[in-house]
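Before any comments, here is the structure.
The values are calculated or read from the model by the stated rules, or taken from the named source; none is laboratory data. Quantities reported herein were computed from a predicted structural model and do not represent experimental measurements. Cβ atoms come from the backbone with ideal geometry, glycine included; neighbour counts cover every protein chain shown.
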Amino acid sequence: MSKTTTGRAPGSGTRRTMTAAARAAAKRAERGHREPAAPEPTVAGRTVLIEAPKNGWEDPPEPSLEEFEKFEDFEENAPEDEGQPHRRRRLLTAVLGALLVAGLVAVAALGWQYWDGRQTESARAQALTAARKAAPVVLSYDYRRLDKDFAAARTHLTGDFRDEYGKTTKTVVGPTAKKYRGVVKATVAAPTTGAPSASIVSASPDRVVVLLFVNQVTESTQVSGARVDLNRVRMTMTRTADGWKVSAVDAL
């Protein structure tokens, strides 16, 4: 009788296991005979992204020095964004230019205001003096020397008012004064306590309006004795090449 042996016959799975074990042993032996490789220098402070294969890694690789060198070359040779600094410089230049222009305009405006104020203050004083001097001459006359008085008055006048004065004295005032032997003498009233005899109504560098208190003493054949009139006269003074002249007179 033949001897029967019980147990699992060696199959394909057993053979695969033995083959894998043999292969692993061969690899260990091969690694044992290899000389140890020199460690690659490490690079600190860098992160390198390595693209993974579509099916993934069974054992993810360690980054090599070559990957770090490629990354450094990319950083060194990467083109700079030249547009952004230029835009910042242009913006800064525009802002500084606008501030400079605004500053110059402000300085010019302040300078003009200061100059205008000084000119106006000077005009007030000069025009007031000229008005005080002109009023007695313009508002006075004597029938015995009308041509002389009217000629003297015209030297204090300017513009249309000068022409108007000439026509009025020639056609109205002169003939009436001769007929009634009229004599009018005007003087600027003396200032009283708290009440000036002359004041400025408005002023600019070239035009000043002055308010005057004028006393007029009138004598004629139509008046018994002398008549005294206390008048308020508004006199407009205008700057001319020959000084301040009267350009309008209004009795108030």
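Results for (1) β-branched (Val, Ile, Thr); (2) under 25 Å from Val246 (Cα atoms), shown as yes or no for each residue.
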position	(1), (2)
Ala98	no, no
Arg132	no, yes
Asp147	no, yes
Ala152	no, yes
Thr155	yes, yes
Thr168	yes, yes
Tyr180	no, no
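Going by the structure shown, is Thr169 surrounded by 17 or more Cβ atoms within 10 Å (Cβ to Cβ), under 30 Å from Gln119 (Cβ atoms) and at pLDDT 95 or above?
no
Which is of a type in the set (S, T, N, Q) and in contact with a Gly (Cβ under 8 Å, 6 or more places away or on another chain), of Thr168, Thr238, Thr187?
Of the residues listed, the single one that is of a type in the set (S, T, N, Q) and in contact with a Gly (Cβ under 8 Å, 6 or more places away or on another chain) is Thr238.
Report the residue count in segment 131-152 for those that are surrounded by fewer than 21 Cβ atoms within 10 Å (Cβ to Cβ) and within 14 Å of Met237 (Cα to Cα).
2
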